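What follows is a short report on a single structure.
The values are calculated or read from the model by the stated rules, or taken from the named source; none is laboratory data. Values in this document were obtained by computation on a predicted structure and should not be read as measured data. Glycine also receives a Cβ, built like all others from the backbone with ideal geometry; neighbour counts cover every protein chain displayed.
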Amino acid sequence: MKCLIPKILNKLLDTFDPVVYITLDEKKIRIPFVSKVGYLDRWITELWMIDLLKNLLPLKEGAFIDIGANVGQTLIKLKCVDPDIQYFGFEPNPLCVNCAMKLIEKNGFENCEIIPVGISNKNEMTTLNCYDRKTGGGATIVENFRSQQIVRKIFVPVQDFEYVYKKLNLKKISIIKTDIEGSELEVIKSLKKILREQRPFVLCEILPVYSENNTFRKTRQEEIEKIIKTCNYKICRIEKDEDERFKGLTCLKKFGIHSELSLCDYLFVPYELFEKLSTKFNLK
């Protein structure tokens, strides 16, 4: 009887393991609900990424690196475009890690790894500042990045990407996506050698500076610009339409100072691949 009870409980848990089905790019996706994470409206944003990935993946062979994997939004879009591509997702929030791993399991995604660490330019333990008690949405490891009240702090490990790169024995990288709520500078610093040697595309969200007076964000943004240019990359803003569909790319010399969240998504393009993209999108 003692052995039977755990088996019955496990069977019940498997039975009542709810998922929601959505259709994205004509693919049926199973969205798991894990600890109140997995709300449907979290999974249908940034549709522009699907069309952009369709244009980028044929130009560069290798693994997809997702820095700030969260609960798997980018993973879904990537697997809609190329179900066989190798994926490595880095996420320090344990709740999000659990949800992303469930997502992989429920959909039978192949060649996927979720690594439960953040990426920075140091190997250390730090705190993840959360502004959302349920999901940790918008969480950042950068102190004083937001003026909002911190509702929870989580101790998390962060590692330099070069260290991780060697440990995972990565041979080729096609695209690196980074969406890490303010710690872009530390990530870009840790990527410098990889950018020079591997020459991947980089999808990067950089949140607004808002005004000249925000010297903290402005200084960090200018340092990112300097690193990107030193590594021989061009900066392009990802343009979208009202339905969040991909509209095109605009070349920039600087990120600029603005307050528009719709202008925060960028593509860093290696100089040697810029000509191929410029032909597609009439870039200058």
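All but one of (1) β-branched (Val, Ile, Thr); (2) touching a residue at least 60 places away in the same chain (Cβ under 8 Å); (3) more than 26 Å from Lys253 (Cα to Cα); (4) not in a helix (DSSP H, G or I) hold for Ile150, so report the exception by its number. Unmet for Ile150, out of (1) β-branched (Val, Ile, Thr); (2) touching a residue at least 60 places away in the same chain (Cβ under 8 Å); (3) more than 26 Å from Lys253 (Cα to Cα); (4) not in a helix (DSSP H, G or I): (2).
Figure legend. Inter-residue proximity from segment 228-250: first residues surrounded by 15 or more Cβ atoms within 10 Å (Cβ to Cβ), second residues among the small types (Gly, Ala, Ser), beta-carbon distance below 7 Å, spacing 6+ or different chains. Indicated pairs: Glu239/Gly248; Lys240/Ser262. Mind checking which residues of segment 56-76 are touching a helix residue (DSSP H, G or I) at 6+ places or on another chain (Cβ under 9 Å) and assigned to a loop (DSSP other than H, G, I, E, B)? Of everything in segment 56-76, those that are touching a helix residue (DSSP H, G or I) at 6+ places or on another chain (Cβ under 9 Å) and assigned to a loop (DSSP other than H, G, I, E, B) turn out to be Lys60, Gly62, Gly68, Ala69, Asn70, Val71, Gly72. Per this entry, Leu103 is not counted among residues that are at pLDDT below 90, among the aliphatic types (A, V, I, L, M) and part of a helix (DSSP H, G or I).
Residue-by-condition table, conditions (1) touching a Phe, Trp or Tyr at 6+ places or on another chain (Cβ under 6 Å); (2) in a strand (DSSP E or B); (3) aliphatic (A, V, I, L, M):
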position: Lys226; (1), (2), (3): no, no, no
position: Lys229; (1), (2), (3): no, no, no
position: Ile238; (1), (2), (3): no, yes, yes
position: Glu242; (1), (2), (3): no, no, no
position: Leu249; (1), (2), (3): yes, yes, yes
position: Lys254; (1), (2), (3): no, no, no
position: Leu273; (1), (2), (3): no, no, yes
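Here's a check for you: in segment 72-91, which residue that is more than 12 Å from the chain's Cα centre (by Cα) and either without any contact (Cβ under 8 Å) to a residue 24 or more places away in the chain or farther than 11 Å from Ile29 by Cα (or both) is surrounded by the fewest Cβ atoms within 10 Å (Cβ to Cβ)?
Asp84
Hey, could you check segment 179-202 for residues that are hydrophobic (A, V, I, L, M, F, W, C), under 20 Å from Glu91 (Cβ atoms) and not in a helix (DSSP H, G or I) and say which is modelled with the lowest pLDDT? Per the criteria, the residue is Ile180. Condition check for Cys96 on (1) free of Cβ contacts under 8 Å to residues at least 12 places away in the same chain; (2) farther than 16 Å from Lys28 by Cα: one failure, at (1).
Please find, within segment 220-248, the residue that is farthest from the chain's Cα centre (by Cα) out of those that are among the β-branched types (Val, Ile, Thr) and within 21 Å of Asn55 (Cα to Cα). Even if it seems obvious, please write down each step before you answer.
Restricting attention to segment 220-248, the residues satisfying the condition of being among the β-branched types (Val, Ile, Thr) are 224, 227-228, 230, 235, 238.
Those left that are additionally within 21 Å of Asn55 (Cα to Cα): 235, 238.
Working: Ile235: 18, Ile238: 15 Å.
If we take residues in segment 220-248 being among the β-branched types (Val, Ile, Thr) and within 21 Å of Asn55 (Cα to Cα), then Ile235 is farthest from the chain's Cα centre (by Cα).
Would you mind stating whether Ile176 is under 15 Å from Phe90 (Cα atoms), surrounded by 21 or more Cβ atoms within 10 Å (Cβ to Cβ) and under 18 Å from the mean Cα position of the chain (by Cα)? Spelling it out, Ile176 is indeed under 15 Å from Phe90 (Cα atoms), surrounded by 21 or more Cβ atoms within 10 Å (Cβ to Cβ) and under 18 Å from the mean Cα position of the chain (by Cα). Residues of segment 118-145 that are modelled with pLDDT under 75 and surrounded by fewer than 15 Cβ atoms within 10 Å (Cβ to Cβ): Asp132, Arg133, Lys134, Glu143, Asn144. Inside segment 12-26, residues that are at pLDDT below 55 and either of a type in the set (Ser, Thr, Tyr) or over 17 Å from Leu103 (Cα atoms) (or both) make up a count of 1. What number of residues within segment 41-53 satisfy the criterion of being modelled with pLDDT of 95 or more and over 17 Å from the mean Cα position of the chain (by Cα)? Adding up the residues that qualify gives 0. For segment 211-219, the count of residues that are over 20 Å from the mean Cα position of the chain (by Cα) and either on the phi > 0 side of the Ramachandran plot or β-branched (Val, Ile, Thr) (or both) is nonzero.
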